[in-house]
Every structure is written in C-alpha cells, then in structure tokens.
Amino acid sequence: MQQDEKAYPGLETDLHPALSRHEASVESDRCYFCYDAPCVTACPTGIDVPLFIRQIQAGNRAGAAKTIFDENILGGMCARVCPTETLCEQACVRQTAESKPVKIGQLQRFATDHFLGDVEHPYQQGSDSGKQVCVVGAGPAGLACAHRLATYGHRVTMLDAKSKPGGLNEYGIATYKTVENFARREVDFVLSVGGITLKNSVRVGSDVMLDELIDQYDAVFLGLGLDGVNQAGLPGSDLAGVENAVEFIARLRQTTDYDSLQVGRKVVIIGGGMTAIDAAVQARMLGAEDVTIAYRRGADAMNASRYEQELAQINGVKIKHYLQPVEIHSDASGAVGSIELEYTSSVSGELQGTGEKIQIEADTIYMAIGQTLLAGQLASTVIESGANRVTVDSAYRTGHQKVWAGGDCISGGEDLTVAAVQDGKLAAESIHRAISA
Amino acid sequence: MADLSNNFVGIKSPNPFWLASAPPTDKAFNVNRAFEAGWGGVVWKTLGEDPPIVNVNGPRYGAVHSADRRLIGLNNIELITDRPLEVNLAEIRQVKRDWPDRAMVVSLMVPCEEKNWKGILKRVEDTGADGVELNFGCPHGMSERGMGAAVGQVPEYIEMVTRWCKETTDLPVIVKLTPNITDIRFPARAAKAGGADAVSLINTVSSIVSVDLDTMAPQPTIDGKGSHGGYCGPAVKPIALNMVADIARDAETADIPISGIGGVTTWRDAAEFMALGAGNVQVCTAAMTYGFRVVDEMISGLNNWMDEKGHATLDSVVGKATPNVTDWQYLNLNYVTKARIDQDKCIQCGRCHVVCEDTSHQAITLKVDGKRHFEVIDEECVGCNLCVSVCPVEDCITMEELTTGVDPRTENDIRREYANWTTHANNPMSGS
Ligand SMILES: Cc1cc2nc3c(=O)[nH]c(=O)nc-3n(C[C@H](O)[C@H](O)[C@H](O)COP(=O)(O)OP(=O)(O)OC[C@H]3O[C@@H](n4cnc5c(N)ncnc54)[C@H](O)[C@@H]3O)c2cc1C
Ligand SMILES: Cc1cc2nc3c(=O)[nH]c(=O)nc-3n(C[C@H](O)[C@H](O)[C@H](O)COP(=O)(O)O)c2cc1C
Ligand code: SF4
C-alpha cells in the first residue's frame with residue numbers, strides 16, 4: 001500500500017519495514033559468525049544469533065526461525081519491539097568495529113515472518129503427561145510459559161482478565177511496531193501448537209480465586225504484568241483531560257477508527273520511560289500540535305533508550321529534562337488548562353526542587369510514571385506483605401510450592417517483552433521438572 | 001607518469017590491457033567502443049570456417065555470486081563466432097585501419113588439418129591484423145569436434161599446428177592454452193617447440209557452476225538439460241597465476257613471452273600477472289560484468305602504483321616476482337613466525353580462537369583472568385597464518401618473525417642461516 005493513501009501514515013506504517021530477501025541476504029552476510037558471541041549473551045532469551053543469521057544467509061529461512069523460536073517463541077514480537085540498540089546490537093562486534101551493528105532485530109523479523117505464512121507450526125504438542133497447569137495472564141510471560149509446557153505434553157488452561165489475549169503486546173506496544181494486527185496473529189501462532197485452552201475475560205481474584213486454582217491444577221503460573229498504574233497524587237489530576245498514558249495507548253491500540261480518538265492540541269506527558277515516548281509519538285501521529293515530555297531527571301537517566309528518545313525528537317516531540325510536576329490548573333471551562341512544573345537538580349545523587357517554576361499550556365496531560373501490581377485479590381501466600389511485586393526464587397517459584405511467576409509482575413522484572421518471555425520459558429522448565437518428578 | 005606502452009612480441013599497444021577473445025571482441029561495434037574507452041588492444045573473437053557454428057538459443061551463462069550478487073565466477077557455454085568469416089574479416093580490416101595504434105590480434109580455430117590452418121591464415125594476413133592467437137583452449141562444444149581444448153590437451157598436436165602456422169605466416173603466433181590439463185608446462189613446451197612467439201593463458205576452466213534443485217539440472221539449463229561450461233572471472237585468477245608462474249620459471253620455457261589471462265579485474269590483478277612474468281594481460285569477465293570503462297581504473301591504478309614504486313616502464317615490472325617463486329622443498333625451515341594480535345584493533349569476534357582451537361593448534365586464548373581476551377600462546381603457535389586469514393579486521397593479526405632466542409614451541413634456538421628440507425635430518429633422501 002502506498003504510504004500517502006493512509007490517513008495516519010505514522011501509525012499504520014511499520015517503523016522498520018520488513019527486509020526484502022536480497023536485503024536480508026546482504027545484511028546476513030555482514031555477520032562474522034562470532035564464537036561465544038557477545039550478542040547471544042546480550043539477548044535476554046539467549047537466541048543463537050550467529051546460527052540463525054547463517055541460516056538466513058544459506059537460504060534456510062525456516063531453520064533460522066526455528067533457531068529463534070527454540071529460545072523465544074515470541075521472537076516475532078521481540079524482533080519488532082526489543083530495544084536492540086541496548087541489547088544484542090549493542091554487543092555486536094561490528095558496533096565495536098564500525099559503529100554499525102548487524103541489524104539483528106530486522107533479520108530476526110525476516111526469519112520469523114516465514115511462519116506468518118501458510119506453514120505448519122514448527123513444534124508438536126508433547127504426548128499427554130496427564131498433568132494440568134493453569135497459566136494466569138496471556139501476555140508474553142504467560143504465552144511463553146504455556147507454549148513450552150504444551151511441548152512437554154502438559155495440558156494448559158490460560159486465563160486472562162482482558163477480552164483479548166496478548167497482554168501489553170495487544171494493549172500497550174506502539175502501533176507502528178506491531179502493524180497489521182501482528183500481536184493477535186502471533187498469539188494464534190503460539191496457540192497453534194495445541195494443548196492450550198484460552199479463556200478470556202476471567203479475572204483471578206474476582207471471577208475465580210487463586211486458592212481454587214491451586215486446588216484444581218498441578219501447578220499455577222502467574223504472568224500478571226503490572227495492571228495497576230502509579231498515582232502521582234498531583235493536585236488537579238482528577239481534571240478532565242488528565243489520563244493515564246497506558247490507558248490512552250490501550251484505547252489507541254483497540255480502535256481502527258483513529259478519527260474517533262480525541263487527542264488534544266497541546267499535550268504534556270509526565271515520565272521518562274518507553275510509555276512516555278510511545279504516548280508522545282503516537283499523540284503526534286494522531287495530530288497533536290505541541291507535544292512535550294517532562295522528565296524529572298537528565299537524558300541518561302531515562303528508561304527509554306537513546307534511540308527511542310531520538311525517535312520522539314524526529315517526530316517533533318519536545319523533551320524537557322529536570323522538571324517535576326507541581327500542580328495541574330484548570331481553564332475557564334473547568335478542564336485542564338496548564339501544568340505547573342518545578343526545575344530540579346541532582347544534589348549528590350538526590351533529586352531536589354530548585355524552587356524555580358514554569359507553566360506549560362496544555363489541554364491534555366498523560367501520566368506515564370510507571371505501572372504497579374494489582375495484587376489485592378491474590379492470595380497472600382504468594383505476595384510478601386509490603387512488596388509491590390511477586391517474589392520468586394531462582395527457579396521462578398513463589399512462596400507457595402505450586403505457584404510460579406514471571407514477567408513484569410515479579411521483583412527484578414525488567415519491563416521488557418523479551419525478559420518476560422525468558423521468565424515464562426524458564427518457569428515452564430522449572431514447572432516441568434517439578435511436576436514430572 | 002609511468003610509461004604504460006606495451007610491446008608484446010612486436011605488437012605495440014598504448015597500454016598492456018587487451019580484451020580477450022570473447023563476446024566483447026565479437027564485432028566491430030563492440031571493438032570500436034572498447035577502443036574509444038581506451039583499451040590497448042583486442043584479440044578478436046575466435047574465427048572458424050564457414051558455415052559458421054550455431055550457438056544455443058537459451059541461456060549461455062551461469063554465475064557464482066557473493067551475498068551482494070557481486071560476480072565471483074562466470075561460466076559459459078558459448079562457442080566461437082557464429083558470424084560468417086568474411087563479415088568478420090571485413091570488420092577487422094576496417095577497425096585496424098581506424099585504430100592503427102591499437103593491437104589487433106585475431107583468434108583462430110579450424111579443424112586440425114594443415115590445409116585448413118594455412119587457408120585461414122592467408123585470409124587473416126590480408127586484413128592488416130598484427131598477429132594471430134591459436135585457440136587451443138575452448139573446453140566445450142568445439143573440443144567435442146576435435147578442436148579447442150581437444151588440441152590443447154595433446155602437446156604433440158599443439159606443436160604440429162603451431163609449426164604449420166609459423167611456416168605459413170610472418171605474423172606473430174600466440175598459442176592460447178587450456179588450464180584443463182595436469183601440468184601446464186607440457187603444452188607450453190610444445191608451443192615453444194613448434195616455434196610459437198608467445199603463449200597466452202588461461203582459457204576457461206571446465207565447470208558446472210550450480211544445480212537447480214527444483215528441476216534437478218545443471219545451470220545454465222537448456223530445455224531441462226545442462227552441459228559443462230568454461231569458468232572464468234575473479235574465481236579463476238589463482239589458478240591462472242600459478243600456471244603463468246610455472247611457465248615463467250620452467251627452464252625450457254622461461255624466455256617465452258606470456259600474455260596473462262584469467263580473472264583480471266583491477267590494476268592490481270594485472271600487476272600481479274606481470275610480476276609473475278606476463279608481458280601484458282587480457283580481460284574478458286571484468287568487461288562483461290561492468291562494461292568497458294573498467295579500463296580507466298586499470299590504467300590509472302597501474303600508473304599510480306608504478307610511479308609510487310619508481311617503475312618507469314612495464315619492463316621493470318615484468319617477471320620481478322618470478323625468482324621468488326620456488327618449490328616447497330627450498331623454503332627456509334629456519335624461518336619462524338608467531339601470530340600477534342593487536343588488542344586495540346581486536347573487535348572480540350573470537351574467530352581466531354575457535355578456528356585455531358577446533359582445526360589447528362590450540363594457540364589462542366578465549367579468556368584471560370576470566371575475561372574474554374584473545375592472545376597467542378607462543379608455546380603452541382606454529383605460525384600457520386590461519387588466524388590472520390580469518391580475522392575480519394585488516395592488520396589486526398599479523399605475523400612476527402622471531403630473530404633471536406628460542407622458539408618456545410620447539411625449544412630450538414632461532415637460527416638465522418637458511419636451511420631447507422633437502423638437507424633436513426627427517427628427510428630420508430637428505431643423506432645426512
Ligand atoms: C506503553 C508500553 C510500551 C512498551 N513498549 C515496549 C517495547 O517497545 N519493547 C519492550 O520490550 N517492552 C515494552 N514494554 C514492556 C512490555 O510490554 C512488558 O514488559 C511485557 O508485556 C510484560 O509481559 P508480561 O507477560 O509480564 O505482562 P503483560 O504483557 O502486562 O501481560 C499480563 C496479562 O495478565 C493479565 N492479567 C493481569 N492480572 C490478571 C488477573 N488477576 N487475572 C487474569 N489475568 C490477569 C492482563 O490482562 C495481561 O493480559 C512496554 C510497556 C508499555 C506499558
Ligand atoms: C562467453 C565467453 C566466450 C568466450 N569465447 C572465447 C573464444 O571464442 N575464444 C577464446 O580463445 N576464448 C574465449 N573465451 C575465454 C576468454 O577469452 C578468457 O580466456 C577467459 O574468459 C578468462 O579470462 P577472464 O577471467 O578475464 O574472463 C570466452 C569467454 C567467455 C566468458
Ligand atoms: S598462526 Fe596458526 S597456530 Fe598460530 S595462532 Fe594463528 S591459527 Fe593458531
């Protein structure tokens with residue numbers, strides 16, 4: 001499709017278009033097939049990068065995809081959303097040599113896209129073990145866990161509170177990273193291994209209790225993500241026009257009618273992570289005139305990578321550093337009119353307000369100051385009191401013998417899709433060992 | 001500016017870059033364009049007797065590509081010219097008249113009978129051409145009819161046909177050799193014995209470049225079948241260089257002029273051929289890959305290099321490396337080198353380590369003090385150069401000669417005097 005036929009080209013076009021076969025051939029030839037390769041170590045899921053790239057080079061695209069899926073069944077999504085500039089590509093020796101790493105992410109997409117076609121699922125459901133596992137949460141962690149368990153022959157029931165599976169792949173990731181309904185197609189790919197029963201719109205803690213699951217199943221995996229949002233407790237945050245960035249993005253991801261989304265003219269985003277960047281860039285793409293990110297620390301402290309920050313700037317987003325919100329003021333109609341911010345400085349590592357303040361005019365404010373675990377209704381057996389994450393041991397087991405957890409919801413979670421996949425995969429191995437013993 | 005003018009067996013050309021007998025020299029149209037582009041000379045596409053041969057009407061070429069589709073090797077199943085003899089001769093006459101300063105050599109291939117060779121030579125002389133090249137090289141199609149490589153593979157035939165030609169014409173006779181033999185010195189000696197003024201080599205190497213795994217047929221495929229072709233281009237240069245050197249340093253043929261052919265693509269390739277004894281070079285695939293203007297780079301590159309090295313004329317380049325080509329048994333066994341890794345240049349790919357570890361002498365570390373670090377272990381390094389060959393960074397790994405002390409691997413003293421296999425204690429034939 002021609003880009004100019006689209007009403008919102010930014011939102012509807014791949015951030016990185018797929019490589020053609022020839023581009024993939026040339027790019028894969030740049031890989032040195034390093035020994036004990038640094039990129040493998042840098043990948044949270046430990047994909048054998050040199051091997052899959054060599055398979056692409058040799059015209060063995062299916063084999064390349066299989067090498068990726070062996071370690072990361074969501075390799076397709078990771079190829080699109082991983083901040084490769086801080087992961088595998090940062091470690092690439094070509095980065096050292098010439099500041100131009102091999103485009104590992106794009107090659108990974110080239111390989112995995114093979115299985116978007118009409119081809120058979122590359123794994124088989126294992127022969128029935130007689131064991132039943134409940135996976136709570138159909139995000140990256142839950143999906144990776146369920147798939148691995150299915151290949152071992154365990155029967156998996158996957159519950160998710162939302163009406164669609166995929167977790168933040170479906171509700172959070174920026175549109176331009178996962179165009180053409182990729183998130184859903186990938187879930188279908190994962191489930192096509194067989195042996196996984198998906199039940200949406202079931203919330204554990206209200207529709208069914210964790211204790212019941214523990215009774216019913218041989219093991220339970222919690223891949224809950226961080227469903228709650230941090231509250232800033234900012235005066236004026238209840239005004240019309242103030243919204244949580246994750247909710248804004250979820251609305252955006254769930255509509256195909258972008259015209260219907262009300263985006264303001266002057267948007268201010270509070271935060272410094274991937275969510276802040278995504279909300280800002282997508283607000284611009286929806287037509288907002290003035291978009292400003294206000295972050296309380298400097299550029300280096302931002303959770304969003306340098307590349308993501310540049311992406312925002314390329315899209316006309318202003319990033320202001322060392323500013324913390326003080327109060328949101330209303331306009332004459334009672335909706336948001338402006339936001340008052342105070343400059344900060346770092347005094348021996350501690351952030352302090354300097355007393356100097358500015359006002360930025362705004363009709364929309366998105367808060368992107370982090371998500372939290374909505375754990376209230378879960379059995380206290382798995383959540384240590386006071387902690388806002390699930391605590392697990394090195395084998396992903398919680399305080400309860402039959403309950404494992406992984407992904408964003410556990411302490412030490414890295415808030416990356418790829419890290420959630422790794423957790424889900426390793427937890428599945430741990431569960432398999434425990435219930436097969 | 002160095003003087004690039006070339007005098008090859010009395011045939012003069014403004015530079016040593018000739019186009020080899022092949023499609024680039026098949027017609028006046030092409031050759032005129034080549035001369036406009038600056039080529040020093042051409043060997044006209046091989047002439048045969050009428051009625052002209054016919055070519056296949058399907059694909060003639062197959063190729064070996066790099067990942068970026070750089071042409072590494074080309075394979076063809078084309079035959080000699082498929083145009084009537086008189087048409088070619090008339091064009092040759094006109095082109096030579098229009099370009100008197102360029103070399104015009106005519107390649108020939110006729111059945112192996114005295115009258116056939118003598119007949120065609122007379123007609124070529126009439127055109128005003130500067131010389132002839134006898135095509136004893138074509139490895140496909142013509143060889144099955146007792147011509148081309150079928151002659152080139154039998155030294156007696158080479159000598160016989162060369163003699164007929166020398167008896168018939170005063171034009172310089174260049175004999176073009178096929179590489180599809182076991183020892184190139186025998187056909188070269190035969191050409192010399194027959195009175196040849198020069199040899200040219202190599203013609204193409206018999207080859208199948210690829211198999212189509214869907215149709216299960218070699219490529220290029222003509223209606224489901226393929227036959228072997230002749231391989232040329234960058235891939236064949238090492239084979240050609242070795243053969244040129246073999247002839248240049250063979251006592252019997254050392255003085256015969258050589259026109260070097262096979263994979264010449266840049267000035268450097270040409271300089272290498274000439275350093276090993278070629279008086280000039282001929283080019284086919286490079287022109288067929290990029291067009292005639294590649295000669296600009298060849299001329300300027302050769303010029304700059306000669307200026308830099310202080311070579312005023314080609315004579316001071318030709319054969320300069322020949323004395324340094326020797327047989328293995330004369331290599332100095334007291335010459336000891338060790339690999340050295342420049343840690344500032346190392347990009348940590350680990351290839352040197354794994355190839356030495358897996359396939360050679362376990363002489364490069366992977367970790368030192370628990371950290372990824374590649375360092376040569378002199379006690380194990382045999383100095384083989386494999387790590388240098390596989391390292392992706394230029395000059396990161398180099399070979400250093402040990403000149404004093406002890407080789408930590410053999411624990412032998414480093415000795416400066418030359419000593420080779422012929423006198424080595426382990427050689428049963430050394431008599432020591
Ligand atoms: C806006 C945004 C952009 C991001 N962009 C990137 C990016 O570009 N690259 C990247 O690597 N990472 C990105 N991330 C982070 C990444 O999305 C997460 O790290 C990843 O999705 C975590 O996976 P998960 O499976 O742990 O949780 P989630 O993806 O959050 O999935 C959890 C699932 O559990 C369900 N659930 C929760 N509680 C219950 C319950 N009680 N009962 C039943 N179901 C429940 C939820 O409905 C959800 O489907 C982004 C995050 C956000 C918010
Ligand atoms: C299509 C094609 C046709 C050729 N035809 C002839 C020919 O008619 N006579 C001949 O002596 N050599 C012929 N050759 C061989 C070339 O002259 C030359 O020896 C060979 O290609 C090696 O040189 P290169 O690597 O520069 O191509 C032909 C080569 C090609 C590619
Ligand atoms: S020269 Fe050969 S033996 Fe020595 S380190 Fe290199 S590869 Fe190993």
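A few notes on this one:
- Residues of the stretch B:61-81 buried by at least 30 Å² on assembly (accessible area, 1.4 Å probe, chain alone as reference): B:Ala67, B:Asp68
- Pairwise label distance in nanometres, B:Asn57 with B:Asp315, each label 7 Å out on the Cα-Cβ vector: 5.5
- Taking the 1.4 Å solvent-accessible surface of chain B as the whole, the part contributed by carbon and sulfur is 50%.
- With all protein chains modelled, accessible area of B:Asp214 [1.4 Å, Å²]: 150
- Relative to the Cα centre, the charge distribution of the stretch A:150-243, modelled as +1 at Lys and Arg Cβ and -1 at Asp and Glu Cβ, gives a dipole magnitude of about 340 debye.
- With all protein chains in place and ligands, DNA and RNA left out, the 1.4 Å accessible area ranks B:Tyr290, A:Tyr32 as B:Tyr290, A:Tyr32, largest first.
- Ranking B:Asp223, A:Asp290 from most to least accessible surface, computed with a 1.4 Å probe over the protein chains only, gives B:Asp223, A:Asp290.
- Out of every Cα-Cα pair that chain A contains, those further apart than 37 angstrom amount to 28 percent.
- Take A:Asp188: with every protein chain present and a 1.4 Å probe, its accessible area is about 70 Å².
- Cα-Cα over 30 Å, subset of B:Lys96/B:Lys320; A:Lys66/A:Lys100; A:Lys66/A:Lys199; A:Lys177/A:Lys402; A:Lys177/A:Lys266: B:Lys96/B:Lys320; A:Lys177/A:Lys402
- Ranked from largest to smallest solvent-accessible area, with a 1.4 Å probe on the protein heavy atoms, A:Ser394, A:Ser192, A:Ser25 come out as A:Ser394, A:Ser192, A:Ser25.
- In chain B, helical runs assigned H by DSSP with n ≥ 4 each contribute -39500 (n - 2.57); averaged across all residues and rounded to the nearest 500, the mean residue ellipticity at 222 nm is -8000 deg cm²/dmol.
- For the peptides B:115-125, B:228-238, the ranking by mean Cβ contacts within 10 Å, running from highest to lowest, is B:228-238, B:115-125.
- Rounded to the nearest 20, the Cβ-based charge dipole of the stretch A:1-94 about its Cα centre (Lys and Arg +1, Asp and Glu -1) stands at 240 debye.
- Computed accessible area, B:Asp395, all protein chains, 1.4 angstrom probe, square angstrom: 100
- With R₀ fixed at 25 Å, the C-beta to C-beta distance from A:Met209 to A:Ser163 puts the FRET efficiency at about 0.75.
- Protein accessible surface hidden between A and B, which excludes ligands and nucleic acids, total in Å², probe 1.4 Å: 1100
- The DSSP beta bridges internal to the protein assembly as shown are antiparallel in roughly 40% of cases.
- Of the residues A:Gly105, A:Gly117, A:Gly63, the one that moves most in a GNM of chain A with alpha-carbon contacts below 10 Å is A:Gly117.
- Largest GNM mean-square fluctuation among A:Thr45, A:Thr344, A:Thr112, using chain A with Cα springs under 10 Å: A:Thr344.
- For chain B, Cys with no neighbouring Cys Cβ under 4.7 Å: B:Cys112, B:Cys138, B:Cys165, B:Cys232, B:Cys284, B:Cys346, B:Cys356, B:Cys381, B:Cys384, B:Cys391, B:Cys396
- Calculated on the Cα set of the protein assembly as shown, radius of gyration then Dmax: 37.2, 113 Å.
- With contributions of -39500 (n - 2.57) from each DSSP H run of at least four residues, the per-residue ellipticity at 222 nm computed over chain A stands at -9500 deg cm²/dmol.
The values are calculated or read from the model by the stated rules, or taken from the named source; none is laboratory data. Only a predicted model underlies this, so the values are computations on that prediction, with no experimental measurement involved. As a convention, Cβ positions derive from the backbone with ideal geometry for all residues, glycine included, and neighbour counts pool all protein chains shown. Note: accessible area is taken over every heavy atom of the protein model, side chains too, but ligands, DNA and RNA are not part of it. Shrake-Rupley method; radii C 1.70, N 1.55, O 1.52, S 1.80 Å.
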